[in-house]
Structures are given as structure tokens and as C-alpha cells.
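**Q** Right, I'll just put the structure down here and ask away after.
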Amino acid sequence: MKIVVIGGTGLIGSQLVAVLRQRGQEVLAASPNSGVNTLTGEGLAGALAGAQVVVDLANSPSFEDKAVMEFFETSGRNLLAAEAASGVRHHVALSIVGVDRMPDSGYMRAKMAQERLIKASGIPYTILRSTQFFEFMGHAADSFSDGKVLRVPPALVEPIFSDDVVAALADIVLAAPVNGILEVVHARYFGTELNDRSLVPASTPWRTGRTRFEGWLIRSASAQKA
């Protein structure tokens, strides 16, 4: 089975490509550097030729409200049109837990627009909503600081190790489309007000990560000392 991973060289994409190849799948890691550009449409037809599954992990280079909306709408339309023309049978996308509960965030509005495009495309799909990655928690903490004072919102956060997200994605890719949304316990919340439930699943998640944050911190600290 041929699988195309859009954004296949990023944090999640590169790991997913490796895992799927280990499972014996034919995988193409697509990115602008490899000549596949979802914004312009360049290289999409050739990359998707013969593909049964496409995984969309592309992300906007800018989080400014207008720019991020233009990215996800343009990229989504180009990609889904190319998939329809190529006969792709399963579209998989990574989204964010809480994306529908934070309308003040331009990034979240753009991700919701992406989800709507997927649902309206007519292509069988599965959307995986993930909570924030362990690897991004330091950056998130930095965003709470003005350099002198650290102001942390009173919100529950249930982060997840990126490896666990990759494992969930790999299982989804190799399964039948659910034509719906699954949650696994990356939420981006810069610039939007949170409540204590904004960044955790609204109900029992489809899957929870195996790796606990405490264990990941200890392992990361040990690796830095080595």
C-alpha cells in the first residue's frame, strides 16, 4: 500500500514515515523540499499517483490569524482536490484536542476550517485530535512569561509524548476510515483564554499515551547529561 505523508520531514511526520516503513509499507515523505507544495499545488499529482492513503501533517509557517487561515484553507483545498483526482481512499489528518472550544484563537479557527474541508470533501477520512506534545511544553511555559513574571492560566493540561501520537497515527493509517474524529491524550493556546477543561478531552479519549510526563522529563534530562 502506498502512503503519502504530507509534512513527512517534521517532528511527527519523520517518525511516522519510519514506523510505517518498519511495518512494510511503501511511504513517500512529501514536503516542499522534496518538490511537493500543498500551497501552490506543485508536485501533488505526481506524489499522489497510486496512493491509497494520505496523511496531512502540514503546518503553517506563520501563526498570524490571516496567514494561518489562508494556509490551512489553501493547502487543504489543493490537497483534497488532488486526492480526489488520484482516487485516494483514506485521508488522515492530525488536529488538536479543544480546537472547537477556543474560538478566540486564530490558529484554532484555521484548524477548524481544515476539519470542515475534510468532512465536506467526500473522501473517507479519519481526524486524530491530540493534546499538547511533551516536547512543546517548554515553549508553552515560555509563552506565559513576559521576562519578569510567569502567569500560568488555571487550566488542566494532559500532554502526550510525540512517540505515542505517532503510534496512534500509524494504527489509524493501516485501519479503515472512521469518517469521524478520534482523540488521543497538541493543543496550541497562545493568544486565547483558557478554562480548566480547554486542553483536555471532553470525554473518554479514544487512546491515552503510554509515556508519563515525569518519566519523559527524567529520560530527557539523562540524555542531555550523557
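The values are calculated or read from the model by the stated rules, or taken from the named source; none is laboratory data. Note that the coordinates shown come from a computational prediction; the quantities given were computed from them, not determined experimentally. Here Cβ is always computed from backbone atoms with ideal geometry, including for glycine, and neighbour counts include all displayed protein chains. The area values use the complete protein model at the heavy-atom level, side chains included, leaving out ligands, DNA and RNA. Shrake-Rupley method; radii C 1.70, N 1.55, O 1.52, S 1.80 Å.
**Q** Cross-chain or 8 or more residues apart, Cα under 28 Å: how many lysine pairs in the chain fit that? Count them up, please.
**A** 5
**Q** With the other protein chains left in place, how much accessible area per residue, in square angstrom, belongs to the chain at a 1.4 angstrom probe? Before the final figure, lay out each step's value.
**A** On the way: 10890 Å² over 226 residues.
Here the residues of the chain average 48 Å² of exposed surface.
**Q** Suppose only helical runs count, i.e. DSSP H with n ≥ 4. What mean residue ellipticity at 222 nm does that imply for the chain under -39500 (n - 2.57) per run, divided by all residues and rounded to the nearest 500 deg cm²/dmol?
**A** Using -39500 (n - 2.57) per qualifying helix, the result is -12000 deg cm²/dmol.
**Q** Please report, in debye to the nearest 20, how large the charge dipole of the stretch 1-143 is about its Cα centre when each Lys and Arg carries +1 at its beta carbon and each Asp and Glu carries -1 there.
**A** 480
**Q** Suppose R0 equals 22 Å. What FRET efficiency, 1/(1 + (r/R0)^6) with r the Cβ-Cβ distance, do Ala113 and Glu64 give to the nearest 0.05?
**A** Result of the calculation: an efficiency of 0.90.
**Q** A further question on this structure: Shape call for the chain from the C-alpha gyration tensor, a ≥ b ≥ c root eigenvalues: rounded (a/c under 1.5), prolate (a/b greater than b/c) or oblate? It would help to have the intermediate numbers written out before the result.
**A** Numbers: a/c = 1.71, a/b = 1.40, b/c = 1.22.
It comes out prolate by the Cα gyration axes.
**Q** Please work out whether the stretch 95-172 counts as rounded, prolate or oblate from its C-alpha gyration tensor, where a ≥ b ≥ c are the square roots of the eigenvalues and a/c under 1.5 means rounded, while otherwise a/b larger than b/c means prolate and anything else oblate?
**A** oblate
**Q** Check which residues have an amide H placed less than 5 Å from Glu26's amide H, if you skip close sequence neighbours.
**A** Ile3
**Q** Also, I was wondering about something else. Residue by residue, what Karplus-based ³J(HN,Hα) values in Hz, rounded to whole numbers, does the stretch 61-71 have, using 6.51, -1.76 and 1.60 with θ = phi - 60° and x for Gly and Pro?
**A** Result, ordered by residue: x, 10, 9, 4, 3, 5, 5, 5, 5, 4, 5 Hz.
**Q** Please say if the stretch 2-68 is rounded, prolate or oblate, where rounded means a/c under 1.5 for a ≥ b ≥ c the square roots of the C-alpha gyration tensor eigenvalues, and otherwise the choice is prolate for a/b larger than b/c and oblate otherwise?
**A** Numbers: a/c = 2.59, a/b = 1.49, b/c = 1.74.
The shape class here is oblate.
**Q** So how far apart, in nm, are the two label points at Gln22 and Asp100 if each is 7 Å from Cα heading toward Cβ?
**A** 3.3
**Q** Taking all protein chains as present, what is the carbon and sulfur share of the accessible area of the chain, in % to the nearest whole number, probe 1.4 Å?
**A** Ligands and nucleic acids excluded, carbon and sulfur give 53 percent.
**Q** Moving on to the next point. Sorting check: for 66-76, 32-42, which peptide has the highest mean count of neighbouring beta carbons within 10 Å, and how do the rest follow?
**A** 66-76, 32-42
**Q** Sticking with this structure for a sec: Which residue, chosen from Leu169, Gly10, Gly43, occupies the Cα position most advanced towards the positive end of the dipole of the chain, where the dipole is computed from +1 (Lys, Arg) and -1 (Asp, Glu) charges on Cβ about the Cα centre?
**A** Of Leu169, Gly10, Gly43, it is Leu169.
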